[in-house]
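Single-structure report; data block below.
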């Protein structure tokens, strides 16, 4: 599975560890920073796939850190999300002016970060669609949201790459955004095959079983484009 590294910067250690635990459980490699200054240094050194910055950090806050990161040519195209407990227009405008990819209200529940990350990482790269899929197993084995990378998308299903082993016959709730769009797909799917891919990863073929006709059409339009 392609390595996806997320950098989280938050001066509140409790929230930092909480956010980290949800993303690690979701299958990401997570880097952390306790200040804006540290976040800039880590981003320049490690070049993460995505940066999550808390706005309300003392000294160099999230917006100021974003400005500095954008000055680095290697980080100019990196997705950067600035999160804040405040959602007023002035705050939003300042963060967007700083160069962030998106400004979001800080989620009340850390597991909501999975959906935000999935949407931001839903981009088309090198001519092929690589999806970030949020999923959870339905039934007694379920409970937690997880994240995997996926490809081979069709209106019938997709191939999911995850660090979590599933079993043929499992039913899962899946959620993802079509790359380069705001179209969100939510549906149930059945696991039809599972193979070990090495390095602790699994390839899981799933078949959509409750796909909305409108979503099916959106997928067909995307695949054929």
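Only the coordinates and a few stated rules stand behind these numbers; no lab work does. Treat the numbers as computed from the prediction; the structure is a model and nothing was measured. Cβ placement follows ideal geometry from the backbone for every residue including glycine, while neighbour counts extend to all protein chains displayed.
List of remarks:
- Computed over the chain, the per-residue total of -39500 (n - 2.57) for DSSP H runs of n ≥ 4 gives a 222 nm mean residue ellipticity of -8500 deg cm²/dmol, rounded to 500.
- C-alpha long axis of helix 213-224 to longest principal axis of the chain, angle in °: 80 degrees
- Nearest-ten-degree value, helix 36-46 long axis tilted from longest Cα axis of the chain: 50 degrees
- Spacing of the two label points (7 Å from each Cα toward its C-beta) at residue 41 and residue 12, in nm: 2.5 nm
- A Förster radius of 45 Å combined with the Cβ-Cβ distance from residue 90 to residue 192 puts the calculated FRET efficiency at roughly 0.35.
- Length gained when the stretch residue 67-residue 102 is fully extended (0.36 nm per residue, less Cα-Cα span): 11.2 nm
- Order of 160, 211 under a 10 Å beta carbon neighbour criterion, fewest first: 211, 160
- Panel order for 173, 210, by other beta carbons found within 10 Å of each beta carbon, from fewest to most: 210, 173.
- Set of the range 148-168 residues, backbone N closer than 11 Å to the point 7 Å along the Cα-Cβ line of residue 220: 155-156
- Helix 13-25 and the longest principal axis of the Cα set of the chain meet at an angle near 20°.
- Ascending count of other beta-carbon atoms within 10 Å, so fewest first, for 103, 176: 103, 176
- For the range 1-120, the fraction of alpha-carbon pairs lying more than 21 Å apart is 28 percent, rounded to a whole number.
- Computed over the chain, the quotient of the alpha carbon radius of gyration and 2.2 N^0.38 Å is 1.04.
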